[in-house]
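Peer 1: Here it is, the structure, as structure tokens.
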């Protein structure tokens, strides 16, 4: 199957969202295991999300935002790179 620009955009969004979830999780000192348990995913499932390999349902996006105490829209903000 041939990839389309839409496929590429979707992958970039998954990658960015995954990096942002990782950043927010680490800022709040949550381990991957603890966050995964809290939202009902396996640790490997969360790892795949954080690395842009899996998407998330709206329900799981909302759960992550709630646990990390941010609005869902914050999961889509650009990742701030450390200088």
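Peer 1: From the list 79, 70, which residue is closer than 14 Å to residue 25 by Cβ, in contact with a helix residue (DSSP H, G or I) (Cβ under 9 Å, 6 or more places away or on another chain) and modelled with pLDDT of 95 or more?
Peer 2: Numbers: 79 fails: modelled with pLDDT of 95 or more.
Matching residue, one of 79, 70: 70.
Every residue, every condition in (1) touching a helix residue (DSSP H, G or I) at 6+ places or on another chain (Cβ under 8 Å); (2) without any contact (Cβ under 8 Å) to a residue 12 or more places away in the chain; (3) on the phi < 0 side of the Ramachandran plot, yes or no:
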{"residue": "11", "(1), (2), (3)": "no, no, yes"}
{"residue": "17", "(1), (2), (3)": "yes, no, yes"}
{"residue": "27", "(1), (2), (3)": "no, yes, yes"}
{"residue": "40", "(1), (2), (3)": "yes, no, no"}
{"residue": "47", "(1), (2), (3)": "yes, no, yes"}
{"residue": "63", "(1), (2), (3)": "yes, no, yes"}
{"residue": "66", "(1), (2), (3)": "no, yes, yes"}
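Peer 1: For region 46-63, indicate whether the set of residues that are more than 15 Å from residue 20 (Cα to Cα), in a loop (DSSP other than H, G, I, E, B) and at pLDDT below 95 is non-empty.
Peer 2: Looking for residues that are more than 15 Å from residue 20 (Cα to Cα), in a loop (DSSP other than H, G, I, E, B) and at pLDDT below 95, one finds at least one in region 46-63, hence yes.
Peer 1: Taking region 1-29 on its own, how many of its residues are crowded, with 16+ Cβ neighbours inside 10 Å and within 15 Å of residue 69 (Cα to Cα)?
Peer 2: Narrowing region 1-29 to residues crowded, with 16+ Cβ neighbours inside 10 Å: 14, 16-25.
The next check asks that each one be within 15 Å of residue 69 (Cα to Cα); those that pass are 20-25.
Residues flagged as crowded, with 16+ Cβ neighbours inside 10 Å and within 15 Å of residue 69 (Cα to Cα) within region 1-29 amount to 6.
The values are calculated or read from the model by the stated rules, or taken from the named source; none is laboratory data. What you see is a predicted model, and the numbers here were worked out from it, not measured in a lab. Methodologically, a virtual Cβ is constructed for each residue, glycine included, from the backbone with ideal geometry; neighbour enumeration extends over all protein chains shown.
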